[in-house]
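Novice: The structure is given below, and queries will be raised subsequently.
The values are calculated or read from the model by the stated rules, or taken from the named source; none is laboratory data. Keep in mind the model is a prediction, meaning the values are calculated, not measured. Positions of Cβ are backbone-derived with ideal geometry, glycine not excepted, and every protein chain shown enters the neighbour counts. Quick note on the areas: whole protein, heavy atoms, side chains included, nothing else; ligands and nucleic acids left out. Shrake-Rupley method; radii C 1.70, N 1.55, O 1.52, S 1.80 Å.
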Amino acid sequence: MPSSKPLEGQTALVTGASRGIGAATAKALAGLGAHVVLTARTVGGLEETEEAIHAAGGTSTIAPVDLAENESIARLAAAIEDRWPALDVLVLGAATLGTLSAVPAIDPKDFARVLTLNVSAQAALLAAFDGALRKAPSARVIGLTSGTARNPRAYWGMYAASKAAFENLLLSYGEEVRQISGIRVALVNPGPTRTAMRARAYPGEDPATLKAPEVVAERIAVLAQGGFEHGHFERIG
């Protein structure tokens, strides 16, 4: 009979775990037995996620981190490698929308902030945790992306460009390690989901018409158990 805790004994790191899809994913992974390290800038949100995990019988550790600071990422990676033998699952969910605007009206400072979190910080995370991922027999790295990365949309150029860059970055990393490690990477486009970012982008939309973050989290939890081919991509809903 298959174990009800297929991730028992494994360690997972989820970025953006203070709310939305990140929080739901952390809870789902903990429910499968993983010890989940929760990262985000918002301490209160992380504590809420951790309380829910512990109430359900799971285990987790909160690690408030500003991903825009590479030194913070390096310190987090060092702390995780000191405490756990390997990192089995890395879910890259943290991102920022920026301001929706026509390309000629993009604010350079706003664009820089979006690229820092959505691209540069993701590269820093992959670099910092590469060693811990290689120590796992079959590590999985799952990145959250957007339909705009592959289907350009008016006024979404800034965010779309950052997500297109992120996709290429993650898939390139996967190509680099696929023959020399057990690491496999996947991209997930959540589709329309009831999140704070979605509400900001579509303020007139009825959230009741959207799927809950838990729907996306359930699928990510399945992927976290492995069994997918390198470079796997899917859209949910």
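Novice: Can you report the number of residues in region 181-211 which are closer than 20 Å to residue 232 by Cα and either among the basic types (Lys, Arg) or free of Cβ contacts under 8 Å to residues at least 12 places away in the same chain (or both)?
Specialist: Within region 181-211, residues that are closer than 20 Å to residue 232 by Cα and either among the basic types (Lys, Arg) or free of Cβ contacts under 8 Å to residues at least 12 places away in the same chain (or both) number 1.
Novice: Residue by residue through region 166-219, note down the ones that are open to solvent by 40 Å² or more (accessible area, probe 1.4 Å), within 29 Å of residue 42 (Cα to Cα) and part of a loop (DSSP other than H, G, I, E, B).
Specialist: Listed by number, the residues that qualify are 192, 194, 202, 203, 204, 205, 206.
Novice: Out of 233, 228, I need the residue that is touching a strand residue (DSSP E or B) at 6+ places or on another chain (Cβ under 9 Å), open to solvent by less than 60 Å² (accessible area, probe 1.4 Å), among the aromatic types (Phe, Trp, Tyr) and closer than 28 Å to residue 87 by Cα. Which one? Spell out the reasoning first.
Specialist: Details: 233 fails: open to solvent by less than 60 Å² (accessible area, probe 1.4 Å).
None of the others qualify; the one that does is 228.
Novice: Let me ask something else. Where the second residue is open to solvent by 10 Å² or more (accessible area, probe 1.4 Å) and among the aliphatic types (A, V, I, L, M) and the first is over 19 Å from residue 95 (Cβ atoms) and without any contact (Cβ under 8 Å) to a residue 40 or more places away in the chain and lies in region 21-33, which pairs have Cβ atoms under 8 Å and are six or more apart or on separate chains?
Specialist: Partner pairs satisfying both residue conditions: 30/56.
Novice: Determine which member of the set 134, 75 is open to solvent by 40 Å² or more (accessible area, probe 1.4 Å), touching a residue at least 12 places away in the same chain (Cβ under 8 Å) and farther than 25 Å from residue 191 by Cβ. Step through it out loud before you land on a result.
Specialist: Values: 75 fails: touching a residue at least 12 places away in the same chain (Cβ under 8 Å).
When all the criteria are applied, what remains is 134.
Novice: Does any residue of region 80-92 turn out to be of a type in the set (Gly, Ala, Ser) and open to solvent by 20 Å² or more (accessible area, probe 1.4 Å)? First the steps, then the outcome.
Specialist: Within region 80-92, the first condition is being of a type in the set (Gly, Ala, Ser), and the residues that meet it are 86.
Checking which are open to solvent by 20 Å² or more (accessible area, probe 1.4 Å) leaves us with none.
For region 80-92, residues of a type in the set (Gly, Ala, Ser) and open to solvent by 20 Å² or more (accessible area, probe 1.4 Å): absent.
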